[in-house]
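Here, each number is a calculation from the coordinates, and none is a lab measurement. In this text, all values refer to a predicted model and were calculated from it rather than measured experimentally. Quick reminder, even Gly has a Cβ in these numbers, built from the backbone with ideal geometry, and neighbours come from all protein chains shown.
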Amino acid sequence: MSPGTGRGPVSGRGRQVYELGKLVLQKGFIPVVGQGKARWNNVHIEDLSDVYRLLVDKAAAHDTSAELWGPKGYIFTENGEHVWTDLAKAIGQEAAKQGLIKADPKSDSLTKDEALEQAGFEAVSWGLNSRGKAERARKHLGWAPSRNSIEHEVPTILKLEHQRLARV
């Protein structure tokens, strides 16, 4: 899951965390899917694009290392992980702080089907685990994430979602 504004020509908006922000702004509650313990990796979109750039540089230099390509060429990126419910609470608190929703939003449990109905397929991931380590990116590409954490991006995500919703 990638926070931050994308640099590509089509969409600068991520999906999962932005949809989470949208739901909090529109419904005024903190969604908890399943038991509320699901963990997910995150990485800033610019840190992710750095990995692509490093891989393109290796390919352009004709680096055919078996550590990068072929059966071993599976590269994870991450700059830590979050628990979806904790992230939703942080989004709710920040939305209240910015005056975008009422103070102290309450949590509300959602089943998988309710989450799907509320916010589409992205919401189902709020109840699923997806965990990995960027060991190979660090070791074989010399990559290190340097951009903001997802928690630091929450105020910006909410600001952008609020602006986007005002235009719709």
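Numbers below:
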item: Antiparallel %, DSSP beta bridges [both residues in the range 16-167], to 5; result: 40
item: Relative contact order, percent, the chain [alpha-carbon distance under 8 Å, six or more residues apart]; result: 37
item: Order of K102, K89 - criterion: other Cβ atoms within 10 Å of each residue's Cβ, fewest first; result: K102, K89
item: Computed magnitude of the charge dipole of the chain (debye, nearest 20; Cβ of K, R +1, Cβ of D, E -1); result: 120
item: Sparse-neighbour loop sites [chymotrypsin sites (Phe, Trp or Tyr not before Pro); the range 38-89; at most 10 other C-beta within 10 Å; DSSP]; result: Y74
item: Computed helical MRE - 222 nm, the chain, DSSP H runs ≥ 4 contributing -39500 (n - 2.57), nearest 500; result: -14500 deg cm²/dmol
item: Structure-derived Rg and Dmax of the Cα atoms in Å: which label, when the choices are (1) 19.9, 61; (2) 17.6, 56; (3) 20.0, 73; result: (2)
item: Sites D104 and R131, calculated FRET efficiency, Cβ-Cβ separation with R0 35 Å, nearest 0.05; result: 0.70
item: Assigned charges on the beta-carbon of Lys, Arg, Asp, Glu; the range 34-85 dipole about Cα centre (debye); result: 260
item: Farthest toward positive dipole pole in the chain [+1 Lys/Arg, -1 Asp/Glu at C-beta], among Q163, A61, P71; result: Q163
item: Residue among A38, A59, A90 with the largest mean-square fluctuation in a Gaussian network model of the chain, springs linking Cα atoms under 10 Å; result: A59
item: Residue among L128, W84, H152 farthest towards the positive dipole end of the range 80-168, charges placed on Cβ; result: H152
item: Contour minus Cα-Cα distance for D113 and K159 (0.36 nm per residue); result: 13.7 nm
